[in-house]
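The values are calculated or read from the model by the stated rules, or taken from the named source; none is laboratory data. Not measured: the values here are computed from a predicted model. Using ideal geometry, Cβ is built from the backbone for each residue, glycine included, and neighbour counts are taken over all protein chains shown. Only protein heavy atoms, including side chains, enter the accessible area calculation; ligands, DNA and RNA are left aside. Shrake-Rupley method; radii C 1.70, N 1.55, O 1.52, S 1.80 Å.
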Amino acid sequence: MMKLAFVLVLLLAGAAASEAIEKRIIGSQDCKTDRQYHVQVESLQGGKSCGGSLLNTRWVITASHCAEQEVKLKLGLNQELSFFKKLKSKAKALFNGPSKKYEQIIKTGQQFTYKDEEGRAHDIMLIRLNEDMSASVPYITLPPVECSQPEPGQQVEVGGWGAKKTNLKKAKNLRCATTDIKACGENDKPDDKYFSDESTTMCAFKPGVEACYGDGGSAVEYNNVLHGIIVSDPVDKCANTIVMLNICHYRKWIDETMESN
């Protein structure tokens, strides 16, 4: 069974079936040079793997359930470098050792979970890097402060390195897919430890497009701008309805948190 971020839930035997699964992905493809802002978030204690997004040279955004403990961030994983930049990077690493910018251990003091006026935690977090990334590393654009979430029926893009099983090897390439905004059902929400309501949460559904283990915290793009964070947290099976937090609800908090920290 091939491990991919957004797949049809099929059980096929044998490695020879992997290419067949690849062809049957609905709305999904190799991201290629897209999503170069994507960040991998891994728990140092094991058991957690998520996505995140680089907002600028110093800040990453992800889901709270992806961290709240010491984590390792891997940045620039999907970055396409020219031959000369690769050569320069290798020469620099030869003389100075590998750069610590692209792999950083983040302590809990640098993790900021949103809490509302009643002190309830929401499943969205900002992470301050130990060392600033180069300004040449691509980052995702935030929507205007007074933005509105995409309406039902609008198409959004999702992506990730996710897996259908926690014990399987990760897909080699970041995968992208499109899906459609829909009304959330009664059970479509983040984990119960996090507060959510219709103003904070939005959902998407398209046959065959699913969020799998490792896709939580990844960006949801609408018109090439960050409009959501995946908070679906599947483990043994993929989530058919993808649950997301609405970035517009947290837009002011994002600016205030980055400015004050």
Practice prompt. Once you've got the Cα coordinates, tell me which of LYS72/LYS182; LYS101/LYS182; LYS48/LYS115; LYS107/LYS182; LYS74/LYS237; LYS107/LYS193 are over 32 Å apart.
Written response: LYS72/LYS182; LYS101/LYS182; LYS107/LYS182
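Please report, as a whole percent, how much of the solvent-accessible surface of region 207-261 comes from carbon and sulfur atoms (probe radius 1.4 Å).
Numbers: 810 of 1920 Å².
Carbon and sulfur together cover 42 percent of it.
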Discussion item. Can you find, among GLY159, CYS203, GLY217, the residue sitting farthest towards the positive end of the charge dipole of region 114-261, where Lys and Arg contribute +1 and Asp and Glu -1 at Cβ?
Written reply: GLY159
Item to complete: Per residue of region 191-196, in order, report the coupling 6.51 cos²θ - 1.76 cosθ + 1.60 (Karplus, θ = phi - 60°) as ³J(HN,Hα) in whole Hz, putting x for Gly and Pro.
Response: 3, 4, 6, 10, 6, 7
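What does the charge count near LYS72 come to, summing +1 for each Lys or Arg and -1 for each Asp or Glu among other residues with Cβ under 9 Å from its Cβ? Mind dumping the intermediate values first?
Working: positive: LYS74; negative: GLU42, GLU70, GLU103.
For residues surrounding LYS72, the net value is -2.
Tell me, what is the FRET efficiency for LYS72 and LYS252 to the nearest 0.05, using R0 = 35 angstrom and their Cβ-Cβ distance as r?
Working: r = 30 Å, r/R0 = 0.85.
FRET efficiency, LYS72 to LYS252: 0.75.
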Practice prompt. Using the heavy atoms of the protein chains and a 1.4 angstrom probe, tell me the accessible area per residue for region 118-222 in square angstrom.
Written response: 46 Å²
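I want the local charge near GLY109. Using Cβ-Cβ distances under 14 Å, sum +1 for each Lys or Arg and -1 for each Asp or Glu among the other residues. Let's see the in-between values first.
Values: positive: LYS107, ARG128; negative: GLU68, GLU70.
Local charge sum for GLY109: 0.
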Worksheet item: With Cβ to Cβ distances under 10 Å as the rule, what net charge do the other residues near THR57 carry (K, R +1; D, E -1)?
Response: 0
